Amino acid sequence: MIKFSGKSVYKGIAVGPVAVLKNNDFQVKRAKAEDVEAEIARVEEAVEKSQEQLGQLYDKAVKEVGEASAAIFEVHQMMLEDDDYRDSICNMIRTEQVNAEYAVAVTGDNFSEIFAGMDDDYMKARAADIKDISNRLVRCLSGQENMDFETMEPSVIIAEDLSPSETVQMDKKKILAFVTVHGSTNSHTAILARMMNIPALIGVPMDLDEIHNGQTVIVDGLKSEVIFDPTEEERCEAEVKIQNEKEKLELLQTLKGKENVTLSGRKIHIYANIGSVSDVGYVLENDAGGIGLFRSEFLYLGKDDFPTEEEQFQAYKQVAQMIAGKKVIIRTLDIGADKQADYFNLGKEENPAMGYRAIRICLKQTDIFKAQLRALMRAAAFGNISVMYPMITSTEEVLQIFEIVKEAQKELDAMQVPYKVPEQGIMIETPAAVMISDELAELVDFFSIGTNDLTQYTLAIDRQNERLDDFYNPHHKAILKMIRMVTENAHKCGKWAGICGELGADLELTEEFLKMGLDELSVSPSMVLKVRKAVRESRVGVN
């Protein structure tokens, strides 16, 4: 038995086998091949294995995001069968007598460079695909394969840290808990754990080389402990805790179908935050009144190229139809900072959280922005979709956005495609937006307060920096005063205001938010019924 302590980002308890997720920075080295035919046979085996993996990824993507978005995996399968590509690999092995890994890596670089230099945009886009399939082959050849979530049994994920692009690719049904060496309580791993209602610990001083797949582990988010190879007594104690937590959740289920109304009759909307089409199941399961934040950037993460307008349209449309008339608020692309996609070529920044990100990218690279806007407007014709723009700091930005929206409308008109201009709101997540919220309220339909970034920028604290967790105080008086100010300014203009940041699920503040007059709280799906309970028990307004 080995026990470690960490920081709990979601209270709960789980028992299960370990699945270690390692970031293998595998360096391909040139080596002399003693048996070239054996090396070529290794390539063929790796191709076959890669085809199987891609087939599984295609099937998974079809279920979660539809056929249009899954098509990329079919493209990769076809590229693996390309005679020129495979002949080039085999020819290099034979003529230069090199190992398979080196031949695949060099061939991938060569073909990628050729495609990148072409004039045709479609062919240029294939450069990233070539790199991806070559990297997949090298991983298969070297044994540095990605974790196969399709065949993995439900497990506790152990890792150094997890990026948003890694978490978005996981099969969430197979995850019992998260435990990481690094990470912040405000990271996207933490947000995902809260959405999925699973325990998670960060800052656990483990040595991943000493932990093995299949080991039994207890993750106790209630005590902020993780126990590897527990004793029988510890396992029994954990099972009792799991049963107690299950009974508490069952009591919450009795609140399904009930109104979000205080004892004095004050009503409030409780919506859910999601990151993908597949997360809609959590929204329905927890009886949320709608979706208050669909993080559209997760359609861009874990990919090798920009999602097409059609792929985005299908995803937004599917969510709107699945939620059956309830409100769906989709945040436009919020890439940058900790959410990186290589094909954006954002480059290294000294302070990415305050750098080239979110609406700033959209206002500079309007072709990317307009493709998303067209997809959103097309999807709005099929459901109750609203759109909100992140990282706003000025009225000029909002007016510029509206001009781009008009351009996108004209393009749709020219194509004679049915669409609807949705309700348009903004995220209030910068102190600048708070201070001019009276002016902004005159321009937009609603405010959604992003408390994660608002806290970060107001307190001058990088919320991804685990060393600053003790200084990160979302209950700071300045934050609460800002939320009150924004809400009052929205109401003066007849607009509604809500919170879509993590603070919305803070049960210690539910009473305060009701007093402020907030119209909506959008929280992780797992928190919907807990917040409903707090609202229904509130005596705000009772004499």
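Numbers for the structure displayed
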{"item": "Filtered residue count, region 4-13, keeping only those that are in a strand (DSSP E or B) and touching a helix residue (DSSP H, G or I) at 6+ places or on another chain (Cβ under 9 Å)", "result": "4"}
{"item": "Test result for Thr185, buried (at least 17 other Cβ atoms within 10 Å of the Cβ), at pLDDT below 85, assigned to a helix (DSSP H, G or I) and not hydrophobic (A, V, I, L, M, F, W, C)", "result": "no"}
{"item": "Pairs with Cβ under 7 Å, 6+ apart, first in region 208-237 and within 18 Å of Ser8 (Cβ to Cβ), second part of a loop (DSSP other than H, G, I, E, B) and of a type in the set (Gly, Ala, Ser)", "result": "Gly221/Gly12; Ser224/Gly6; Val226/Gly6"}
{"item": "Conditions (1) modelled with pLDDT of 80 or more; (2) farther than 23 Å from Gly498 by Cα; number of the one not met by Glu397", "result": "(2)"}
{"item": "Cβ-Cβ under 8 Å pairs, at least 6 apart or on other chains, region 448-466 side in contact (Cβ under 8 Å) with a residue 40 or more places away in the chain, far side part of a helix (DSSP H, G or I) and among the β-branched types (Val, Ile, Thr)", "result": "Ile449/Ile483; Ile449/Val486; Thr451/Ile479; Thr451/Ile483; Leu454/Val434; Leu454/Ile479; Thr455/Ile479; Arg463/Thr455"}
{"item": "Residues that are under 18 Å from Met391 (Cα atoms) and part of a helix (DSSP H, G or I), drawn from region 456-484", "result": "Gln456, Tyr457, Thr458, Leu459, Ile479, Met482, Ile483"}
{"item": "Segments classed as helices (runs of 4 or more DSSP H), wholly inside region 14-127, with at least 3 members that are touching a helix residue (DSSP H, G or I) at 6+ places or on another chain (Cβ under 7 Å), at pLDDT below 90 and among the hydroxyl-bearing types (Ser, Thr, Tyr)", "result": "none"}
{"item": "Among (1) open to solvent by 30 Å² or more (accessible area, probe 1.4 Å); (2) modelled with pLDDT under 90 - the single one Ala358 does not satisfy", "result": "(1)"}
{"item": "Selection count, region 411-455, where residues are among the polar types (S, T, N, Q) and assigned to a strand (DSSP E or B)", "result": "2"}
{"item": "Complete set of residues in region 245-287 that are among the charged types (D, E, K, R), touching a residue at least 12 places away in the same chain (Cβ under 8 Å) and assigned to a helix (DSSP H, G or I)", "result": "Glu245, Asp279, Glu285"}
{"item": "In region 217-244, residue surrounded by the fewest Cβ atoms within 10 Å (Cβ to Cβ) [restricted to those that are over 29 Å from the mean Cα position of the chain (by Cα) and assigned to a loop (DSSP other than H, G, I, E, B)]", "result": "Thr231"}
{"item": "Any hit, region 333-343, residues being out of contact with any helix residue (DSSP H, G or I) (no Cβ under 6 Å at 6 or more places or on another chain), modelled with pLDDT of 85 or more and either of a type in the set (Phe, Trp, Tyr) or not in a strand (DSSP E or B) (or both)", "result": "no"}
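The values are calculated or read from the model by the stated rules, or taken from the named source; none is laboratory data. In this text the structure is predicted, and so the values were computed from the model without any measurement. Please note: Cβ atoms are built from the backbone with ideal geometry, for glycine as well, and neighbour counts cover all protein chains shown. Ligands, DNA and RNA are stripped out before the accessible areas are found, and what is left, the full protein with its side chains, is counted by its heavy atoms. Shrake-Rupley method; radii C 1.70, N 1.55, O 1.52, S 1.80 Å.
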